[in-house]
Amino acid sequence: MNPPPWYAFLEKDGKIHIVEMMPGVRKIKGLGVLDAFETFSKIEYGEEVLVGQKVLTRVPMRLPEMTKGMLRRAQTISAKDAGFITSRLGIGPNDRVLEAGIGSGGLSMYIARVLGNSGVHVTVEPRNEHAEVALENLRRAREAWTEFPTHHHIEGAIEDVVDDIRTCSEYFDGIILDLPEHPSAINAVASLLDIGGRLICYCPVTSQLESAWIACEQADLEIEWAGELIERQWGKASKGGVRPVNGPFGHTAFLLVAYRRN
Ligand SMILES: C[S@@+](CC[C@H](N)C(=O)[O-])C[C@H]1O[C@@H](n2cnc3c(N)ncnc32)[C@H](O)[C@@H]1O
């Protein structure tokens, strides 16, 4: 049996390297010049391998490894918000999801993971330099996981490609918008949301949340939830016990969940 085309390796400090198992000597970012197939193809899960000064452990390529080791360009949505988004959309097998913009494909990987083989995932992005990075991350995911949805990527601003979106699916069970401007996108695609479907807007600043809220109401969607998620990490204290770690509380975005009742 052929080895899987992608391997994930964990460094002692938690850094992840995602490596394509291609034969031939080439430069692998963070690991140097080597033949990946020759060096790694016989390494099993949990087994360690020394590359230069780095001790690497091979681990399965689950979502946390994929997102930690992903290629990045546009700012990505992280697990805190992505977990909320996929569960509040209520999406799973057989569902159809529309996502704009694809950015680096950070959120796209979470969506693909929950949809599995039977889902349909349509992504939209006007900037090719972003889409290239995202599509490479999704290629890795498709080749590394046993299930992956039918994926259509459409180039352009979402407001301008509604007819192309409709050729992929007439209606959607979930729509997620991570954009600088939400109202024009909501106006353009709210009618694509099926009855009982949800549209979520990811809004880094409050003015975006407010304008998205108004646009959803104007599009006859009900606001089901609005707010933000605050994550507080705990660690081991030096003198014993566990407690919240020192450091600032980060902000990611405000989230708006809108529902189509009829
Ligand atoms: C912050 S990034 C999205 C990041 C993505 N959610 C992730 O997790 O990797 C926002 C993206 O929206 C794209 N964008 C901006 N205006 C758009 C529009 N009208 N339609 C579709 N995408 C748009 C930008 O080019 C950018 O790539």
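List of remarks:
- Residue match in segment 185-192 (condition: away from the ligand (no atom under 15 Å from the Cβ) and in the same structural domain as VAL120 (by TED's automatic domain parsing)): yes
- When VAL59, VAL19, VAL33 are screened for being more than 11 Å from the chain's Cα centre (by Cα), buried (at least 18 other Cβ atoms within 10 Å of the Cβ) and either over 19 Å from LEU138 (Cα atoms) or at pLDDT 95 or above (or both), only VAL19 passes.
- Residues satisfying the stated conditions in segment 55-76, i.e. of a type in the set (S, T, N, Q), outside any loop (DSSP other than H, G, I, E, B) and touching a helix residue (DSSP H, G or I) at 6+ places or on another chain (Cβ under 8 Å): THR67
- Residue within segment 203-219 that is within 14 Å of the ligand (Cβ to nearest atom) and either part of a strand (DSSP E or B) or touching a residue at least 60 places away in the same chain (Cβ under 8 Å) (or both) present: yes
- Residues considered: GLY197, GLY156, GLY174. Of these, the only one that is surrounded by fewer than 20 Cβ atoms within 10 Å (Cβ to Cβ) and small (Gly, Ala, Ser) is GLY156.
- Condition met for ASP160 (out of contact with any strand residue (DSSP E or B) (no Cβ under 9 Å at 6 or more places or on another chain), within 16 Å of the ligand (Cβ to nearest atom), assigned by TED's automatic domain parsing to the domain that holds LEU209 and not aliphatic (A, V, I, L, M)): yes
- Candidate set from segment 77-97 (those that are surrounded by 20 or more Cβ atoms within 10 Å (Cβ to Cβ) and assigned to a loop (DSSP other than H, G, I, E, B)); member that is farthest from the ligand (Cβ to nearest atom): ASP95
- Look at (1) among the aliphatic types (A, V, I, L, M); (2) in contact with a helix residue (DSSP H, G or I) (Cβ under 8 Å, 6 or more places away or on another chain); (3) in a loop (DSSP other than H, G, I, E, B) and you find that VAL49 fails only one, number (3).
- Output for segment 140-157, where each listed residue is more than 16 Å from the ligand (Cβ to nearest atom), within 14 Å of VAL114 (Cα to Cα) and of a type outside the set (A, V, I, L, M, F, W, C): ARG142, THR146, GLU147, PRO149, THR150
- Residues satisfying the stated conditions in segment 120-139, i.e. more than 11 Å from the ligand (Cβ to nearest atom) and either touching a His at 6+ places or on another chain (Cβ under 6 Å) or modelled with pLDDT under 95 (or both): HIS121, VAL122
- Here the condition is being within 16 Å of the ligand (Cβ to nearest atom) and either more than 24 Å from GLY103 (Cβ to Cβ) or part of a loop (DSSP other than H, G, I, E, B) (or both); of GLY250, GLY196, GLY240, GLY235, it holds for GLY250 alone.
- Filtered by the rule that a residue be within 22 Å of GLY92 (Cβ to Cβ), within 10 Å of the ligand (Cβ to nearest atom) and of a type in the set (D, E, K, R), segment 163-184 gives a lone residue, ASP178.
- When SER41, SER104 are checked against the criterion of being out of contact with any Phe, Trp or Tyr (no Cβ under 9 Å at 6 or more places or on another chain) and polar (S, T, N, Q), a single residue qualifies: SER104.
The values are calculated or read from the model by the stated rules, or taken from the named source; none is laboratory data. Keep in mind that what you see is a predicted model, and the values were worked out from it rather than measured. Every residue, glycine among them, receives a Cβ derived from its backbone with ideal geometry; neighbour counts consider all protein chains shown.
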